[in-house]
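The block underneath contains the structure these notes are about, expressed in structure tokens.
The values are calculated or read from the model by the stated rules, or taken from the named source; none is laboratory data. Please read all numbers here as calculations on a predicted model, not as lab measurements. Here the Cβ positions follow ideal geometry from the backbone for every residue, glycine too, while neighbour counts run over all protein chains shown.
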């Protein structure tokens, strides 16, 4: 407890009203408790280097003070991949009538504007986050509590999980409404790393007693507290009333959450925070809510009853038919790697055909519309149909890992090619709250799963991909940066045993913030005759400009083959691995292969820049790595592939 007889600062709010290249106009307001007559509020703005860049002093009237502040030559806050996430310190000092400081409060702020652009078009209406007047393609996942006991999530654990977001070329998290309001360390890291956040108020997937006065009052207290606590964070780009209370309803329906939204959440957000958008619920928009043509949607080509009960041979086509404007949830499961699995079950459990512990460790949903299969059995079926049945339990586990890689990579590539017909893809879910197999991209132990690397491939700032067009293959380049780039694309096709079939190269210019069809390949010309099960095509992008302004601008690669993955034929591969440590905590792993190598995997618990990738015959990859914080590594890592000798 503390006594502040001359008053205290109870709340501070700073928002960007407007800006241009030369100045930013800010509006600020404060609330106090117990401020004495003649008290004043001094406000000071400091840049990241500690330099004073703006100040003001105003009298306190009725426990409130406020004003406008002009900042010359502002440095803006940008999402990761679009620029620097510049931050300022806004300091408020309560002064008594003698000019003595009675209380002080610092707020970390960023200068930026946030909007949601929804424009009518031939499909319906767009849904695009606009930061500082620039359209942003949102890439990321859904954040859930990182532990059943929130206070046990340390600052270092937040840092590791959120740094992994940015390292995966992601720029956004959706804080799910079935979780909690995250602790200050979460927000501080998101602010600094340039991670955009949308926040559901904490109602999800249930009916609440919203007609009861006591509940409405409790919600008013909760929402007002949350808005005032979080509204200064530049990373927070929009509010959302709840998760899925109105899904599959129309605007005129008497859906769950409608009363609370109309009487509590929407009015409070409009009053307390006019600086960012508010959505009544998620998904929201179109007819019904969860439309792929308008608003945000919760949609996955995998999590569909018709697909799950099918033979799954058309999975690529189903992915390519997705047309959501902003996928705020897209669910794809996958097993964690073996090292994490063995922390929550034994090797006998892994091999147990009854799957008792697998079922216990895999989140299920009894309302998913598939009574015949649990979520684990759905994943198992997908792995078998796409990649072939495996009597070896370890090989089966690896295929259940790779389901998530395949779907997240293909969905990421597809929706980014639709930029800005689609403007966001957030996978369900980014992290996990307990040791489990299932949805997360990063497991409970902090280790990225195969799906993380599939998404990372698809989310690169400059990304090359190959799109099947029946008799042809289109080559696409997507550029999420705000600069134009030029470079070279090299196309190579070969049989999996190493026989070269085709090589071509050409120059390409990639406009800023765009998706561009860069070229087209005739399938027969590259050796993909009907039924060719031993031919692989690789397209590689090599940027001509290496100016270091953005991470992820190194060469990129994309693969294509014309058969189901389980039909692809390849010989046994010999991998040659060289261990190139910088020190005990970082270095590189060089990998060579003689023939096509399928799903090359670095098995050890290292934080690697790439994993679960294919390699062309004769190819060499050099993969950088770091160790887990404070854990030295001195031995040659274990590297495998599905067709390894």
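Would you call residue 555 at pLDDT below 95, surrounded by 13 or more Cβ atoms within 10 Å (Cβ to Cβ), under 21 Å from residue 592 (Cβ atoms) and in contact with a strand residue (DSSP E or B) (Cβ under 6 Å, 6 or more places away or on another chain)?
yes
Determine, yes or no, whether residue 106 is assigned to a strand (DSSP E or B) and farther than 24 Å from residue 323 by Cβ.
When the stated conditions are applied, residue 106 passes them.
Conditions tested, residue by residue: (1) under 15 Å from the mean Cα position of the chain (by Cα); (2) on the phi > 0 side of the Ramachandran plot.
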| site | (1), (2) |
| --- | --- |
| 447 | no, no |
| 454 | yes, no |
| 485 | no, no |
| 513 | no, yes |
| 517 | no, no |
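Out of all the residues in the range 428-448, which are out of contact with any helix residue (DSSP H, G or I) (no Cβ under 6 Å at 6 or more places or on another chain) and under 16 Å from residue 379 (Cα atoms)?
428, 429, 436, 437, 438, 439, 440
Can you give me the number of residues within the range 321-344 that are surrounded by fewer than 18 Cβ atoms within 10 Å (Cβ to Cβ) and either in contact with a helix residue (DSSP H, G or I) (Cβ under 8 Å, 6 or more places away or on another chain) or part of a strand (DSSP E or B) (or both)?
Looking only at that region, the number is 2.
Residues in the range 181-206 that are part of a loop (DSSP other than H, G, I, E, B), at pLDDT 95 or above and more than 15 Å from the chain's Cα centre (by Cα): how many?
Total meeting the criteria: 6.
Residue by residue, here is whether (1) closer than 17 Å to residue 409 by Cβ; (2) part of a strand (DSSP E or B) holds:
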| position | (1), (2) |
| --- | --- |
| 457 | yes, no |
| 467 | yes, yes |
| 475 | yes, yes |
| 483 | no, no |
| 487 | no, yes |
| 493 | no, yes |
| 498 | no, no |
| 501 | no, yes |
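For the range 395-404, does any single residue satisfy the condition of being assigned by TED's automatic domain parsing to the domain that holds residue 176, free of Cβ contacts under 8 Å to residues at least 12 places away in the same chain and under 30 Å from residue 355 (Cα atoms)?
no
Taking residue 265 and the conditions (1) in contact (Cβ under 8 Å) with a residue 60 or more places away in the chain; (2) in a loop (DSSP other than H, G, I, E, B), which numbered condition does it fall short on, given that it satisfies the others?
In the conditions (1) in contact (Cβ under 8 Å) with a residue 60 or more places away in the chain; (2) in a loop (DSSP other than H, G, I, E, B), residue 265 misses (2) alone.
Kindly provide the set of residues from the range 386-405 that are over 28 Å from the mean Cα position of the chain (by Cα) and assigned to a helix (DSSP H, G or I), ordered by number.
393, 394, 395
Quick one: how many residues across the range 278-317 are over 20 Å from the mean Cα position of the chain (by Cα) and touching a residue at least 60 places away in the same chain (Cβ under 8 Å)?
13
Can you confirm whether the range 599-619 contains a residue that is in the same structural domain as residue 635 (by TED's automatic domain parsing), surrounded by 16 or more Cβ atoms within 10 Å (Cβ to Cβ), closer than 21 Å to residue 411 by Cβ and out of contact with any strand residue (DSSP E or B) (no Cβ under 6 Å at 6 or more places or on another chain)?
Yes, because at least one residue in the range 599-619 is in the same structural domain as residue 635 (by TED's automatic domain parsing), surrounded by 16 or more Cβ atoms within 10 Å (Cβ to Cβ), closer than 21 Å to residue 411 by Cβ and out of contact with any strand residue (DSSP E or B) (no Cβ under 6 Å at 6 or more places or on another chain).
So that you can scan it fast, the table gives a plain yes or no per residue for (1) touching a helix residue (DSSP H, G or I) at 6+ places or on another chain (Cβ under 7 Å); (2) in a strand (DSSP E or B); (3) surrounded by fewer than 18 Cβ atoms within 10 Å (Cβ to Cβ):
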residue	(1), (2), (3)
5	no, no, yes
16	no, yes, no
25	no, yes, yes
36	no, no, yes
45	no, yes, no
68	no, yes, yes
82	no, no, no
89	no, yes, yes
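Residue by residue through the range 75-115, note down the ones that are in contact (Cβ under 8 Å) with a residue 24 or more places away in the chain, over 28 Å from the mean Cα position of the chain (by Cα) and under 25 Å from residue 190 (Cβ atoms).
Answer for the range 75-115, where residues must be in contact (Cβ under 8 Å) with a residue 24 or more places away in the chain, over 28 Å from the mean Cα position of the chain (by Cα) and under 25 Å from residue 190 (Cβ atoms): 90, 91, 92, 104, 105.
Residues 162, 94, 173: which one is assigned to a strand (DSSP E or B), surrounded by 19 or more Cβ atoms within 10 Å (Cβ to Cβ), touching a helix residue (DSSP H, G or I) at 6+ places or on another chain (Cβ under 7 Å) and at pLDDT 95 or above?
After ruling out the rest, the residue left standing is 173.
With the requirement that a residue be without any contact (Cβ under 8 Å) to a residue 40 or more places away in the chain and either surrounded by fewer than 14 Cβ atoms within 10 Å (Cβ to Cβ) or farther than 30 Å from residue 569 by Cα (or both), what does the range 501-530 give you?
503, 505, 506, 507, 508, 509, 511, 512, 525, 529, 530
Condition first: surrounded by fewer than 20 Cβ atoms within 10 Å (Cβ to Cβ) and more than 14 Å from residue 127 (Cα to Cα). Now tell me which residues in the range 277-305 satisfy that.
If the condition is that a residue be surrounded by fewer than 20 Cβ atoms within 10 Å (Cβ to Cβ) and more than 14 Å from residue 127 (Cα to Cα), then 287, 288, 304, 305 are the ones that fit.
Specify the residue that is surrounded by the fewest Cβ atoms within 10 Å (Cβ to Cβ); the eligible residues are those in the range 97-131 that are in contact with a strand residue (DSSP E or B) (Cβ under 7 Å, 6 or more places away or on another chain) and more than 24 Å from residue 270 (Cβ to Cβ).
That would be 101.
So which of 245, 236 is under 22 Å from residue 267 (Cα atoms) and crowded, with 23+ Cβ neighbours inside 10 Å?
Going through 245, 236 in turn, just one is under 22 Å from residue 267 (Cα atoms) and crowded, with 23+ Cβ neighbours inside 10 Å: 245.
I'm told residue 306 meets every condition in (1) within 30 Å of residue 562 (Cβ to Cβ); (2) part of a loop (DSSP other than H, G, I, E, B) except one. Can you identify the failing condition by its number?
All conditions are met except number (2).
Name every residue in the range 216-257 that is in contact (Cβ under 8 Å) with a residue 40 or more places away in the chain and in a helix (DSSP H, G or I), in order of residue number.
If the condition is that a residue be in contact (Cβ under 8 Å) with a residue 40 or more places away in the chain and in a helix (DSSP H, G or I), then 216, 219, 220, 223, 224, 226, 227, 228, 229, 230 are the ones that fit.
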